Amino acid sequence: MKIQNFKFYEKGLKRFFGPLEAKVLDILWAQPGLSIKEVQQKLESQEEPLNFNTVMTVMNRLVAKGLLSKRLEGRSSVYEPFDTKENFLEMQSKEITHELLEDFGPLVVSHMLDALEEADPEMIEKLEQKIKALKKEN
């Protein structure tokens with residue numbers, strides 16, 4: 001799934017979602033299979049009281065976007081993410097990287113290498129291994 005509105009000036013999940021959507025997803029990634037009421041209660045423990053209908057609207061929008069599944073369990077609907085947070089972030093970062101490379105080519109690679117000055121040695125080692133593997137393929 002490709003997220004349409006990437007906000008480069010935000011942090012974390014807020015780059016992809018509105019603040020409430022990001023909080024709902026974090027809750028459901030941590031504890032899948034919750035009802036709207038359960039998510040509402042967890043949100044209220046983090047911030048100001050939220051209207052049930054507001055939480056329901058956000059969760060149903062996430063269903064419509066293909067991020068959550070919804071199933072009936074008794075008299076309540078239960079929501080679960082379609083994918084793990086790690087897989088979601090992996091897919092999105094890959095998509096963003098490909099788009100940046102397509103649009104800006106060598107500039108992106110140069111800027112990423114400049115950013116490695118702040119990276120830990122383990123990340124640099126992984127990059128070196130990846131480059132060696134790519135050279136062997138070609």
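The values are calculated or read from the model by the stated rules, or taken from the named source; none is laboratory data. Since the structure is predicted, the reported quantities are computational estimates derived from the model, not experimental observations. Reconstructed Cβ throughout: ideal geometry from the backbone, glycine too, with neighbour counts over all protein chains shown. Areas reflect the complete protein model, heavy atoms only, side chains present, ligands, DNA and RNA absent. Shrake-Rupley method; radii C 1.70, N 1.55, O 1.52, S 1.80 Å.
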Between Gly33 and residues 5 or more places away or on another chain, the pairs with built amide H atoms under 5 Å apart involve Tyr79, Glu80
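Strictly greater than 15 Å: what percent of every Cα pair in region 1-82 meets that? Could you put the intermediate results ahead of the total?
Details: 1829 of 3321 pairs.
For region 1-82, the share of Cα pairs beyond 15 Å comes to 55 percent.
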Among trypsin sites (Lys or Arg not before Pro) in region 35-138, those in a DSSP loop whose Cβ has at most 10 other Cβ atoms within 10 Å are Arg75
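Quantify how much of the Cα-Cα distance distribution of the chain extends past 23 Å, in percent. Walk me through the numbers on the way to the answer.
Working: 4500 of 9453 pairs.
Tail fraction, whole percent: 48.
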Residue by residue through region 107-115, the couplings from Karplus 6.51 cos²θ - 1.76 cosθ + 1.60 with θ = phi - 60°, in Hz, x for Gly and Pro, are 4, 5, 4, 4, 5, 5, 5, 4, 5
From the Cα centre of region 101-138 to that of region 39-78, the distance in Å is 40 Å
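Considering only the other residues whose Cβ falls under 14 Å of the Cβ of Val63, what net charge follows from Lys and Arg at +1 and Asp and Glu at -1? Walk me through the numbers before you get to the answer.
Numbers: positive: Arg61, Lys65, Lys70, Arg71; negative: Glu21, Glu80, Asp83.
Spelling it out: positives minus negatives among the neighbours equals +1.
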Amide H neighbours of Glu10 at under 5 Å, excluding residues fewer than 5 places away on the same chain, with H built from the backbone geometry, are none
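For region 1-86, which GluC sites (Glu not before Pro) are both in a DSSP coil and crowded by at most 16 other Cβ atoms within 10 Å?
Hits after loop and neighbour filter: Glu10, Glu47.
Which order do you get for Phe6, Phe88, Phe104 if you rank them by accessible area with a 1.4 Å probe, largest at the top?
On the way: Phe6 85, Phe88 10, Phe104 110 Å².
Heavy-atom accessible area, descending, gives Phe104, Phe6, Phe88.
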With +1 on the Cβ of every Lys and Arg and -1 on the Cβ of every Asp and Glu, the dipole magnitude of region 1-79 about its Cα centre, in debye rounded to the nearest 20, is 360 debye
For region 16-115 the mean separation of alpha carbon contacts under 8 Å (6+ apart) over residue count, i.e. relative contact order in percent, is 25 percent
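Name the shape class, rounded, prolate or oblate, that the alpha-carbon gyration tensor gives for region 50-130, where a ≥ b ≥ c are the square roots of its eigenvalues, rounded holds for a/c under 1.5, and otherwise prolate holds if a/b is larger than b/c and oblate otherwise.
Prolate, since a/c reaches 1.5 and a/b exceeds b/c.
Can you put Leu89, Leu62, Leu50 in order of accessible area, largest first, using a 1.4 Å probe? Let's see the in-between values first.
On the way: Leu89 65, Leu62 0, Leu50 35 Å².
So the residues, ranked largest to smallest area, are Leu89, Leu50, Leu62.
Can you check what the net charge comes to around Met123, using other residues whose Cβ is under 12 Å from the Cβ of Met123 (Lys, Arg +1; Asp, Glu -1)?
On the way: positive: Lys126, Lys130; negative: Glu117, Glu118, Asp120, Glu122, Glu125, Glu128.
For residues surrounding Met123, the net value is -4.
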